[in-house]
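Bear in mind these aren't lab numbers, they're just calculated from the coordinates by the rules spelled out. All of these numbers come straight from a predicted model, not from anything done at the bench. Glycine gets a Cβ as well: all are built from the backbone with ideal geometry, and neighbour counts include every protein chain shown.
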Amino acid sequence: MNRFDYARPATIAEAVALAAEPGATYLAGGTNLLDLMKGDLVRPARLVDVTHIPGLDAIEPLADGGVRIGALVRNADLAHDADFARRFPAIAEALLAGASAQLRNAATAGGNLLQRTRCAYFYDAASACNKRTPGAGCDARGGETRMQAVLGWSEHCIATHPSDFCVPLVAFDAIVEIEGPKGRRECPLEHFHRLPGDTPERESDLAPGEMITAVRLPGAAAQFAGHARYLKVRDRTSYAFAIVSAAAALRLDGETIVEARLALGSVAAKPWRAHAAEALLAGAQANEANFRRAAEAALAEARPAGANGYKIELARRVVRRAFILAHAGTPARIQALPASPFATGALRHV
Amino acid sequence: MSLSLSLTVNGIARTLDLADPRVTLLDLLRDRLHLTGTKKGCDRGQCGACTILLDGRRINSCLALAISHDGADILTIEGVAQGDQLHPVQAAFIAHDGLQCGYCTPGQIMSAIGLLREAQTGDDPERVREAMSGNLCRCGAYAGITAAVLDAQRSMADAGRAHAA
């Protein structure tokens, strides 16, 4: 770990001023940042510790039925907030499907959005990586690709965004609240993360010195509560990053779909909203044939980044299954193994 | 620049000077306070051997900068027994052979104490296993660990009822 200057601001304005320094990085839960610093993969000149700033850790209901999640709300606190979990069950399920209980007690909502890829080549300082060193090349190309992207990747980078939390958030039109040197602004989460193109080192819409202060969900998101699921396929049933995940939600009038929401995780450098699939389901009957067509539409643009073509078919099946589970109804209580396809009773609906 | 840090560790207030902000809570506990019960396994948040309670909640102390937790209340494995009387979770780990080599055990026990405080699992072994997934045991004592957590939960509930009666 490199030496760094440590700063502990008491206000957002102070934090933004301290982070204006080149090389400054915000510190919140630290669960990803410290790991990266120990591997010498990131070398911040200054850490601006925002965890002592008051007022950033509230879960506030909004007048429209939505909710404002402060950037410092811990993953576990959000998932276990009874009112939040009742109105946004797929988000609570996604949170509980991520990391371990210890990490969920430390990791924050804002930090989750800014976590870095889990690409093994990014994590290996001896490998070429355009994210770490722009122009260095990408050793993942032609390397081990089973966890890499199948949507939106470029010749310069095939890494994925590993978040679970962001997947249902993007499906439900979450808004990111941002403060920075030029003041306050908002960005839809869908446009917050960037695809790699030829600048894979630029991962988000944040300008230098900007910080996330909250994530907001509109009231419309809560209208899906009765039929909203998150499904995550991984190498082991707990404490593993997704190979493919999906958040699927339905608003139903009898067996007719009024509105559908779909986003996929770990398939691209950003949480992947599937608008075409949603449009196909709007007005359609809620049945397996239509879920299958939606899955085809969601993956229509997918292409393997190497030997990872299996993820495309896997993603189609995850989407179809997630809609089958959403259609069957949100369980009264999150299942013992959150988001797992191996959960007791999960096969009942297929 | 020296940084000053105040912590309560196992009930004792401590004020420490840090020459360098890079010190993690794990290294502070082991190297400065000589509380070596908290183990360093992977040092990267993957194994759970370094689990402690920070303000009553289980975390990986290897991924926490000490200076960021100025003012915190910390409980480590050294602080859970009452004199010679073991914590019910410690006693249950012994009763159920919830260990073999013992290296991961302090982290397992602190994680289990955190789990019982969270009160999310009930008596469902599947939920206990899921909630303990952040603690690896390479000897594979998982069956005993799950039994120990469930047993400790029962004995603590019984003791609570007896105390209330």
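If you take the Cα centroid of the stretch B:80-136 and the Cα centroid of the stretch A:300-314, the two points sit 42 Å apart. Structural descriptor for chain B: relative contact order 22 percent, calculated from alpha carbon pairs under 8 angstrom and at least 6 residues apart.
Who wins for biggest fluctuation among B:19, B:49, B:91 in a Gaussian network model of chain B, springs between alpha carbons below 10 Å? Result: B:19 has the largest fluctuation of those listed. Extending 7 Å from Cα along the Cβ direction at residue B:155 and again at residue A:301 yields two label points whose distance is 5.9 nm.
Across A:230, A:123, A:310, mean-square fluctuation computed from a Gaussian network of chain A (C-alpha pairs under 10 Å connected) peaks at A:310.
Of the residues B:9, B:108, B:88, the one whose Cα sits farthest toward the positive end of the charge dipole of chain B, with +1 on the Cβ of Lys and Arg and -1 on the Cβ of Asp and Glu, is B:108.
For the stretch A:255-320, divide the Cα radius of gyration by the Kirkwood radius and give the resulting Rg/Rh value with two decimals.
Ratio of gyration radius to Kirkwood radius for the stretch A:255-320: 0.99.
If you run the Gaussian network model on chain A, springs between alpha carbon atoms under 10 Å, then out of A:332, A:109, A:28 the most flexible one is A:332.
Below 15 angstrom from the Cβ of residue B:9, what's the summed charge of the other residues (Lys, Arg +1; Asp, Glu -1)?
Working: positive: B:14, B:30, B:32; negative: B:27, B:31, B:55, B:70, B:73, B:78.
That works out to -3.
Extension gain for the segment residue A:198 to residue A:13, taken as residue separation times 0.36 nm less the Cα-Cα distance, is 63.3 nm to one decimal. Stokes-Einstein diffusion for the stretch A:140-283 at 37 °C, viscosity 0.692 mPa s, with a Kirkwood radius from C-alpha pairs, works out to 200 µm²/s. Averaging 1/r over each pair of different alpha-carbon atoms in the stretch A:102-164 and inverting the result gives 12.7 Å, the Kirkwood hydrodynamic radius. Using 0.36 nm per residue and subtracting the Cα-Cα separation, the extra length available between residue A:40 and residue A:1 on full extension is 13.5 nm.
Dipole magnitude of the stretch A:142-268 about its Cα centre, charges +1 at Lys/Arg Cβ and -1 at Asp/Glu Cβ only, in debye to the nearest 20? Please report the intermediate quantities before stating the final value.
Numbers: 13 positive and 17 negative charges, 60 e Å.
My answer is approximately 280 debye.
Charges were assigned to the Cβ only: +1 to each Lys and Arg, -1 to each Asp and Glu. The resulting dipole of chain A about its Cα centre is roughly 800 debye. Pairwise Cα distances in the protein assembly as shown exceed 44 Å for 14 percent of all pairs. The lysines within cross-link reach of residue A:232, meaning a Cα-to-Cα straight distance under 25 Å and a gap of 8 or more places when in the same chain, are A:270, A:311. State log₁₀ I(q)/I(0) for the stretch B:1-150 at q = 0.16, 0.17, 0.19 Å⁻¹ as given by the Debye formula over alpha-carbon point scatterers of equal weight, solvent excluded. The calculated log intensity ratios at q = 0.16, 0.17, 0.19 Å⁻¹ are -0.82, -0.92, -1.11.
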